[in-house]
Amino acid sequence: LLKIKMKGKQTRSSNKYKIDWEWAKESTVQQINQEQVEKVYGVHFNSCSLTNDKTHSKSNCRSNPNCLVHLGEANWISNTEVESAVYTEVIENIVRQDNQFLGLRNLGATCYVNSLLQVWFFISDFRSAIYSYRNDFVRDKVIKVDLLTDKGFSLMGLDDNVDIESHYYEKINISKKISDSIKSSQAIHSSSQGRRSLLNNLYESVPEFVGNQEQILPALASICDYLQLIFAFLQFSKRRSLFTSYIDPSPLIKFLGLDTNQQQDIQEFCQLTMTLLETTLSSQLDTKVQSTIGTLFQGRYSYITKCDSCKFISERNATFYELDLTVAGHSTLEKSFDDFFKKEKLNGPNQYYCEVCQSKRDASRWIGVDSLPPVLNIQLLRFIYDRNTGQKKKLKSILHFPEVLDMTKYIRHAPTDTSFIYDIKAVLIHRGAGTQSGHYFTHIKEDESKSWYVFNDEAVYQLSGKKLQIDEDSMESDDLSQSSKNPKPVKAGYHASRSAYMLVYTRRSSIGEYSSDLKENVILPRSIVKIISEDNVSIKNWINAVTEQMLSHTAAIGNRAQEINRIYPSLSADTDQTYEWIPTEWLLEWLRKQDFNSPIDNKTVLCNHKKLSPDSVSMVKRINQIYANELYKLYGGGPRLTREDMCKQCVEEKYRRIQFDTRLNNDWKFIKSTITKTLPTGQTEFWIGKASLRNWKGLTIKKFEKDISESSLKTTTENSEPAKEDAESDANLAADSATYDDEFEFNQDLLCEEHGNLTAEESNRQIVSEVVWLMLKYYFPEAASYPVGTPICHLCEEIAKAKVEDEETLRLYAATEKKILSKIYSNKSRPSIEDEGEFYVIPLSFVRKWRNFIRQPIVKCRPKQINLSEILCEHNKLPFDPLMDLDGDKIYVNVTTEEWVNLLNFYGSTSGTCKEIKITVKDRLCECFPPCCQICIDSLIERRATEIKTYRNARIYISKENPDDEKCIGPSHDECENIQKESRKRSITTISPLRRSKRCRPGEVAVTISSDETLRDLKLKVMTEFQVAPFDQHLHLNGCELFDNDRTLGNSGILPDCRLTLKIDLPVEITEEPREPEAGFMGTGLVSFSS
């Protein structure tokens, strides 16, 4: 297997391989010969050595066409044979070996299911009971599967026991897919990167997991059937744990109806699954199978109460499948147990009613253990209820737990012939902040080897040594930051974790008793064996196809190695040998790809003359013509490029460009330095347009390019590195090119547009010396000369004089109107609707335009007429009621009768059908002419009602009501809605709306809100300010409580600067009730099947 190491694109360019164009500055076009052409193409450059000496470059010299090293030849030249060890390692990575375990696929958020399935699988008694389960459909259709007892989980030929009618994958399809994977892997020899590439590519061709095909699962009708399938795959599948990776638990997840995108609590899932399993197994004929859950996982304890007066003891028995231990305030598992079994004093209001004393008495209560199960599940209560947030939060305190747990002291009547010594079997870890997020994985000890394994969904790996190493795995960096103190050292025989969520202990000399008679044989339903066998056959065929394709590919690579070792060492051409040009990219592909058959394509390096372009020298390599003939014979392609195909026309064009650029840059620097100096007196001076002087260089280059194009010469880019001045000029050219259009001609800005004479605008022209003008004249011979003293355009002069007179007139108008209409200009003493009398109305747009004219009479235009139709609606009426407070919607200005008469004198009669708009106020009654349009007024009110509900980053004020105040019954929800609607309507149509104060009153808190936030969002902000949980808050607006938490604040009537009242529910004592399933499992099979 071959892999070519390429460190990205070869972009190295050394100064010693820079094309020398100095000869072009001293030669003519006629003097260009073949030797100079070869210099341009780099034929004279020294070729780099093919040996790996230390003095040579570590990358290919892109600018040197004679450099043929570091193109990817190293692995072919140094290794002519493929190492067989690579194939052996690849096969080992795709075939499952003894005592290798498989992971379970995470379907999105099902890590909690995978963790428990792995724990249950490694409890041998539970696994044996699941294998022994029989539903009515398969009770008589079972197959005996032999186990190799000396190798633990060994791999049998299950496919030999079942006739598979048709394999899941056709071999020919597998072969094609694998062949493509091997060819694209680019793996060579013993390179670790190459092997990873090959394995990753082969992964894409792995047969699909047969176990999740719905059409082959007709006999699976209960949770035990699906557990049989998953356990059998975990034990007998030939899939590789680190490559084919995992078993897909989709059938079980779909059967239980679990949401794959929602994280659930593993404790709740464990409890509900145990209940469902106990119900399902209770129908079995085998009594051992019937009682599996009770036998393995069920313990018994008693709630014991002792009266302090009469010493009477009462007991209430109960069963348990796990012990829920408190983590808060405890550093070790033993302290959590002591807290669980400690005595509780019942006194005061919690006194116990004694049946003997027939009255309430002080008493003591504790829990006594009657029996413990072989498998002891310990749930660590890391999630507690946070009253401030109304949600659960996770405790990340360190808990120390032992490898060996002695429970003897907790048993009330411990039998002498039974041991209650437990060994740690599994540790389930939860990483994350809450029950609805984070990630679950587990550490499990395997019984045969006593080694610890980590099961993290698809990933499974063995821990070094024989001891559990959980410290580094469970203590995330964010966890460690939670404690200001250094964690205590871990004692010998103990482990510590901040994230351990569930501990599983197994009792010594108990696990394995149930399944002792099943160690020799495993009897599985025929349907299960057929599914596993079909999957194993598909994997076996796939492995055979991989082996066959790898051997075939090896032979092809060997032939390629011989070809490259024969041709490549002699590719370099000496100066006295005939040569050809080959694209560098083709050589890279030829030396890099394992499966290569592309023709040589020279079209990309040709110029317009169908020859090799000088600008493509960095894209080609010069090789010996003898071996070029052999490459063309093997791969074909063209057109072939020889010594005669170096383009002399392109070289001559580059020569002209160099000559042009040299003179242009010198002239540009001279003109740039000269125009800033003071001109000496007594010399002839010339006018030049300022824009032309700024852009003359860009115009010159544009003109040169146009001439080149008209001569049918290809415009090319400079190959050699430009001088610093050239780089600056190119930057200036880019900026200058944006300042003129394509039709701009040199010195056209010196002339007036109307008459074509010398412009009277001195700001458009500049004086230059005769030397500068002659330089510019060389580049623009068609440009007319205008010496200083040339008369300017007399027509433009007259126009300028008239313009000055008009400006004086406008200034006079502005001063006069400002003096007479000063109150309109300053917007003072405007007539109001609250004053008796009459006034007129003019458009606000006219007043704004008029004020701009008064401020800048020369710049701004003077209004022509007063257009009253701008105020009227489409019905030729007033679209507003003068009594309304329009605020930002106001489109008119009130003027007195005297001001109205003066406006008519200045601007004549108004345009449109309406000649005046007059409003008369008498006895607080308003009369308008023309009348108000009720249709438009209603539309305005509706629009403002919508706009007032939309705001951003507004402030409201909240005050907390004293809980000791006397409570009164407020209005109902419907009454509150009506009150708020009327309040909003009044705020829109009122004459003088109430101005809310923007200052916080004593006891109030300002909160920033937006109209699109909900009432729930507001309550979270209130919680931050008042330290009150959202469910204890009652917010009132205008005496009415706000109920709908999902309603936006804008639709709830909460406007900027309004005030709310906060009422708080006092805390009450909460009594513990029987635990119900979490809402996340409602509607799933875990609940419905159990019920």
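Descriptive notes on the structure:
- In terms of the mean number of neighbouring beta-carbon atoms within 10 Å, the peptides 272-283, 934-945 order highest first as 272-283, 934-945.
- Computing FRET efficiency as 1/(1 + (r/R0)^6) for GLU548 and GLU446, where r is the C-beta to C-beta distance and R0 is 30 Å, gives about 0.30.
- Segment 332-350 versus segment 781-848: alpha-carbon centroid distance in Å: 93
- Couplings 3J(HN,Hα) of segment 689-700, computed from phi: x, 4, 5, 5, 5, 5, 10, 4, 5, x, 5, 5 Hz, in residue order, whole Hz [Karplus 6.51 cos²θ - 1.76 cosθ + 1.60, θ = phi - 60°; x for Gly and Pro].
- Computed FRET value (nearest 0.05) for TYR951 with ASN1045, which takes r as the C-beta separation and R₀ as 22 Å: 0.65
- Members of LYS345/LYS396; LYS238/LYS467; LYS672/LYS777 lying beyond 18 Å, as alpha-carbon distances in this model show: LYS345/LYS396; LYS238/LYS467
- Once you divide the Cα radius of gyration of segment 821-941 by 2.2 N^0.38 Å, the number left is 1.07.
- Calculated FRET value between ARG316 and SER419, using beta carbons and R₀ = 25 Å, to 0.05: 0.35
- Trypsin sites (Lys or Arg not before Pro) restricted to DSSP loop in segment 626-680 with at most 16 other C-beta within 10 Å: ARG640, LYS677
- Order by protection proxy (mean Cβ within 10 Å, highest first), peptides 564-572, 294-302, 913-921: 294-302, 564-572, 913-921
- Environment charge at LYS777 (Cβ cut-off 12 Å; Lys +1, Arg +1, Asp -1, Glu -1): -3
- Label point 7 Å beyond Cα of HIS755 along Cβ direction - residues of segment 769-813 with amide nitrogen under 16 Å: 790-804
- Summarising the label geometry, the points placed 7 Å from Cα in the beta-carbon direction at THR1014 and GLU589 lie 5.8 nm from one another.
- Placing a label point 7 Å from the Cα of ASP615 along the Cα-to-Cβ line, the residues of segment 579-608 whose backbone N sits under 17 Å from it are 603-608.
Rule-based calculations on the coordinates, nothing more; no lab input. This is a predicted model, so every value here is computed, not measured. So basically every Cβ, Gly included, is an ideal-geometry build from the backbone, and we count neighbours across all protein chains shown.
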